[in-house]
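Below: one structure, written as structure tokens.
Taken together, the values in this text are just the output of simple stated rules run on the coordinates, not laboratory data. The shown structure was predicted, so the numbers you read here are calculated from the model rather than taken from an experiment. Cβ: placed from backbone, ideal geometry, glycine included. Neighbour counts: every protein chain shown.
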Amino acid sequence: MLAIYKKELRTYFTTMTGYAFIAFFSLVSGFVFYYMNVEGSSAFVGYFLRYSYISVIMMVLVPVLTMKIFADERHSKTDQMLFTAPVTVGKIVMGKYLAVATVFSIPVAVMLTYPLIMMDYGDTPVGANYAAIAGFWLMGLALFAIGCFVSSITENQIISAVVTFAILLFLFLLQYITGIFSTDALVSAIAICVFVILFAVIYWLVARKTVDKAAIYAVIIALAGIAVVVALYFINSSMFDGLLQNIMLRCSVYYMFTYYFSAEVIDIGSFVYFISVIGFFLFLTVQSIQKRRWS
């Protein structure tokens, strides 16, 4: 894993990709920090981190940095060398992911000086400031994990970048479009049933070539899930009130960053949430690579 990590990290800095990412991200974040905190006289660093400019920059830069992680290997057929190497798929994924995480961590490390700068302007919530930076770092790592997964399912870098951007844009907009949907319990129950069916279909698409009777298992999953939802609805329908909106908001990593870190408090649940998202998408990446390895 260490050899793969060094190789990937070297790739970012033997080209302009790593330098351009660090310079551009540092420039934008520094400008927004100065505008929102220094000129705006705000002692809380998290105020500028949740600003829309930063979110837009992440939506653009994450696809650029992750689009070639696996897609380029697959396109050039060099992934076959990795598959035959004496290393597990999990270590391959972790090596590549840690390399891109290192590149992202460099400009975030620069942000650690921002609370020190604000101390010259008066009392600042030091703990909350560094917690907000840590939360932003974790949110970024979650976005990069999503980008890694998308890169693992295609061999075209452009498609990888476009799909990653579309997913990140959707996650960003998700916090604003929840108001379109009704908070009625029945609507939430129906929506969850639809999600269960979609999950069953996705399971069938993924497992149909590797699992015997995958279609039967998918049907069982769908029927069992719908039965549970219907039973719970008739037992206590109030538990579904506003449930759809809550699920949608919890799926937006941008909203969850704002939700956890806008109150200037340190919440352990926030770290668990982002680590879970990172682990989930890295797991999907491993499964995607593993599936191609044995196909």
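Can you put 15, 258 in order of Cβ neighbours within 10 angstrom, beginning with the fewest?
15, 258
Please compute the modelled spin-label separation between residue 194 and residue 109, points set 7 Å along Cα→Cβ, answer in nm with one decimal.
Placing both labels 7 Å beyond Cα along the Cβ direction yields 4.6 nm.
Quick check: net charge around residue 229, other residues with Cβ under 15 Å of its Cβ, Lys/Arg +1 and Asp/Glu -1?
-2
With θ set to phi - 60° and the Karplus curve 6.51 cos²θ - 1.76 cosθ + 1.60, what are the ³J(HN,Hα) couplings of region 25-32 in order, to the nearest whole Hz, using x for Gly and Pro?
So the J values, rounded to whole Hz, are 5, 5, 5, 5, 5, x, 5, 5.
Contour minus end-to-end for residue 116 and residue 170, with contour as 0.36 nm per residue of separation and end-to-end as the Cα-Cα distance?
That pair, residue 116 and residue 170, stretches by 16.0 nm at full extension.
Where Lys and Arg each count +1 and Asp and Glu each count -1, what net charge lies around residue 219 among other residues with Cβ under 15 Å from its Cβ?
Local charge sum for residue 219: +1.
Along the Cα-to-C-beta direction of residue 13, a point sits 7 Å from the Cα; which residues of region 124-163 have their amide N less than 19 Å from that point?
Of the residues in region 124-163, none has backbone N under 19 Å from the label point off residue 13.
In whole Hz and in residue order, list the ³J(HN,Hα) couplings for region 280-289 that follow from phi through the Karplus curve 6.51 cos²θ - 1.76 cosθ + 1.60, θ = phi - 60°; x for Gly and Pro.
My calculation for region 280-289 gives 5, 6, 5, 5, 5, 5, 4, 5, 5, 5 Hz in order.
Just want the answer: with Cβ charges of +1 for Lys and Arg and -1 for Asp and Glu, which residue in 227, 181, 40 is farthest toward the dipole's positive end in the chain?
Farthest towards the positive pole: 227.
What percent of all Cα-Cα pairs in the chain falls in each 10 Å bin, counting up from 0?
Distribution as computed: 6, 23, 30, 24, 13, 4, 0 percent.
For region 185-241, what Kirkwood radius comes out of the mean inverse Cα-Cα distance, in Å?
11.9
Give me a comma-separated list of calculated 3J(HN,Hα) values for region 3-9, in order, Karplus coefficients 6.51, -1.76, 1.60 applied at θ = phi - 60°, integers in Hz, x for any Gly or Pro.
Calculated HN-Hα couplings, in order: 5, 5, 4, 5, 4, 5, 5 Hz.
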